[in-house]
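This report refers to the structure that appears directly beneath it.
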Amino acid sequence: MQPLPTELTFVERMVKSLPGPIPPAELRARILEKARMHLENQRRIQQVRLVTFAAAGILFLCMLIAFSQGIRLKVTVLPPKRLDYARVQTMTRETQSLVDEMSLDQARREALRLVLASL
Amino acid sequence: MRAARVTNNDDHSDITDRFRRGDLTAFAELYDRFALRLYRVAWRMLGNYGAAEDAVQEVFLALLKVGARLEKVEDVPAYLFCCLRRVVGRLRSQHERYQRLEHLAQRGPENIALPLGSNGTIWSERVLQALRRLPPEQEEVVILKIEGELTFAEISMVLGISANTAASRYRYALDKLREDLGAERE
């Protein structure tokens, strides 16, 4: 950049010497107050975000544990055997025919006991 | 130009680092460093104290929103004045819209008034009037150079022109001012 000639530096000095306003002190206070509030909000938002992430992580972990335990139970624990009512009926009839004085209730109870014992 | 940028950034790197970490005192330091220049440029461009205050406030609030991304900014003063220019443009158009609605043909009395303090003279008023008669692009360069205390490299970044164009606009503006004021004196 070439230096300005003398007559132009004079004009420059004149423009520089124009009085200019000074920002009021309230403006500084107002802007700094807004900045403080903004930073506080940011901090709060960050905290909330952190807590949300932690909660989501814990929830995910719980779901993973529950799912894996469910799978483990399904694989390792055998389902209970079902009671065969037709067999109970047949055995009731057979027991009653074998023992003359036995009532129907007694025969059914005996048959049920035998079937349950065989499971 | 590159070297100037690096030096300039180094000047503010400590403050901007602290500001990015959420240090409010760093923000206050940034305000103390740039507010006066920004305010004067805004006032010269808008010609209104209230609007100038609004513009400066908006610039600093925008800076807050930028926050951690400030490290990507190459030149902090140029960035701030770029923001200011955008805000001033918006405020100007808002003001014009408002004026149209209110059927106000002229600027308010505050717009023309100079804050004539102890050093304020009629001559200052003449210089100011001559400044206002400059083409807008030249006036902008003069304001950014003198009130904003920006280098031509920074002005070039703010206005999106080359540094040489900024320098020549400045020179033409001073030439015009010299002619204008010389004619008035005669």
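Within the stretch B:165-182, no residue that is in the same structural domain as residue B:128 (by TED's automatic domain parsing) sits with its Cβ atom under 7 Å from a residue that is modelled with pLDDT under 90 and of a type in the set (Phe, Trp, Tyr) at 6+ positions apart or across chains.
Taking into account only those residues within the stretch B:126-168 that are within 16 Å of the chain's Cα centre (by Cα) and of a type in the set (Lys, Arg), which is farthest from the other protein chains (Cβ to nearest Cβ)? Checked the stretch B:126-168; the qualifying residue farthest from the other protein chains (Cβ to nearest Cβ) is B:132.
One residue alone among A:58, A:71, A:22, A:45 is without any contact (Cβ under 8 Å) to a residue 40 or more places away in the chain, under 30 Å from residue B:171 (Cα atoms) and not polar (S, T, N, Q), and that residue is A:22.
Tally time: how many residues in the stretch B:15-49 are of a type in the set (Gly, Ala, Ser), under 26 Å from residue B:94 (Cβ atoms) and at pLDDT below 90? Walk me through how you get there before you give the answer.
At the first step, the residues of the stretch B:15-49 found to be of a type in the set (Gly, Ala, Ser) are B:22, B:26, B:28, B:35, B:42, B:47.
Applying the additional criterion that residues be under 26 Å from residue B:94 (Cβ atoms) yields B:35, B:42, B:47.
Right, trim to at pLDDT below 90 and you get B:47.
Of the residues in that region, 1 qualify.
Consider the stretch B:46-59 and keep the residues that are crowded, with 24+ Cβ neighbours inside 10 Å and not β-branched (Val, Ile, Thr). The one that is farthest from the other protein chains (Cβ to nearest Cβ) is B:55. The single condition among (1) farther than 30 Å from residue B:147 by Cα; (2) loosely packed, with under 10 Cβ neighbours inside 10 Å; (3) not hydroxyl-bearing (Ser, Thr, Tyr) that residue A:25 does not satisfy is (1). When the stretch B:16-31 is filtered for residues that are within 28 Å of residue A:19 (Cβ to Cβ) and more than 8 Å from chain A (Cβ to nearest Cβ), the ones remaining, listed by number, are B:29, B:30. Condition test on residue A:58, is it part of a helix (DSSP H, G or I) and more than 19 Å from the chain's Cα centre (by Cα)? It is false that residue A:58 is part of a helix (DSSP H, G or I) and more than 19 Å from the chain's Cα centre (by Cα). No other residue among A:44, A:36 is surrounded by 10 or more Cβ atoms within 10 Å (Cβ to Cβ), more than 10 Å from chain B (Cβ to nearest Cβ) and farther than 30 Å from residue B:179 by Cα apart from A:44.
Looking at B:62, B:78, B:35, which one is more than 12 Å from chain A (Cβ to nearest Cβ), of a type in the set (Gly, Ala, Ser) and closer than 23 Å to residue B:151 by Cβ? Every option except B:78 fails the conditions. In the stretch A:61-105, the qualifying residues are those that are outside any loop (DSSP other than H, G, I, E, B) and of a type in the set (Gly, Ala, Ser), and the one that is surrounded by the fewest Cβ atoms within 10 Å (Cβ to Cβ) is A:86.
The values are calculated or read from the model by the stated rules, or taken from the named source; none is laboratory data. Just so it is clear, the model here is predicted, and its values are computed rather than measured. Methodologically, a virtual Cβ is constructed for each residue, glycine included, from the backbone with ideal geometry; neighbour enumeration extends over all protein chains shown.
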